[in-house]
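The values are calculated or read from the model by the stated rules, or taken from the named source; none is laboratory data. Because the structure is predicted, anything quoted here is derived from the model rather than measured. Cβ atoms come from the backbone with ideal geometry, glycine included; neighbour counts cover every protein chain shown.
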Amino acid sequence: MDSDTVRLGDGKYLLVTTFKRDGTAVPTPVWVVRDGTELLFWTVANSGKVKRIRNNGRVEVAECDFRGAKSGPTTPGTARLLDADGSEHTRRLIQRKYGIVGRITMLGSRLRRGPNGTIGVAITLD
């Protein structure tokens, strides 16, 4: 397994940078889990991140703190949106990794947005 995948997946936060059509970078800190050779995170299904990933799966990732202050080297990767089963798998992994805070966050999100209001995203490092 790639050491960058392990290092980034074992961290608490990941800075995911997606790109607008004009090439403008948009960095966003997210919770992250490692699943085999991929990094997974979840987000609101109609968020800007999702729209940008649909348009262009190229991303850059780095370790960061909860505010998004980068604390490690940037690594390029490719993101893809997950189907309903993959998104549910991502939610379960996040709940397991982040404990009670993860479970409460997932419950609140499901109550606010419904079962299809969030989506899982998988990143494979280049």
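Being touching a Phe, Trp or Tyr at 6+ places or on another chain (Cβ under 7 Å), over 25 Å from Arg113 (Cβ atoms) and charged (D, E, K, R) is true of Arg58. Of all residues in region 32-46, how many are without any contact (Cβ under 8 Å) to a residue 60 or more places away in the chain and within 13 Å of the chain's Cα centre (by Cα)? So the count comes out to 2.
Taking the criterion of being surrounded by 13 or more Cβ atoms within 10 Å (Cβ to Cβ) and more than 23 Å from Arg91 (Cβ to Cβ), the residues of region 40-64 that qualify are Asn56, Arg58, Glu60, Ala62. Could you tell me whether Gly68 is on the phi > 0 side of the Ramachandran plot and not polar (S, T, N, Q)? Judged against the criteria, Gly68 is a match.
Can you pull out the residues in region 47-58 that are in contact (Cβ under 8 Å) with a residue 12 or more places away in the chain and of a type outside the set (D, E, K, R)? Across region 47-58, the qualifying residues are Gly48, Val50, Ile53, Asn55, Asn56, Gly57. Checking each residue in region 65-87 for being of a type in the set (Val, Ile, Thr) and either in a loop (DSSP other than H, G, I, E, B) or surrounded by fewer than 17 Cβ atoms within 10 Å (Cβ to Cβ) (or both) picks out Thr74, Thr78.
Only residues that are among the small types (Gly, Ala, Ser), more than 15 Å from the chain's Cα centre (by Cα) and in a helix (DSSP H, G or I) were counted in region 89-122, giving 3.
For region 37-51, a tally of residues being farther than 14 Å from Thr17 by Cβ, part of a strand (DSSP E or B), modelled with pLDDT of 95 or more and hydrophobic (A, V, I, L, M, F, W, C) returns 1. The residues listed here are Arg21, Arg54, Arg34; of these, the one that is in a loop (DSSP other than H, G, I, E, B) and basic (Lys, Arg) is Arg21.
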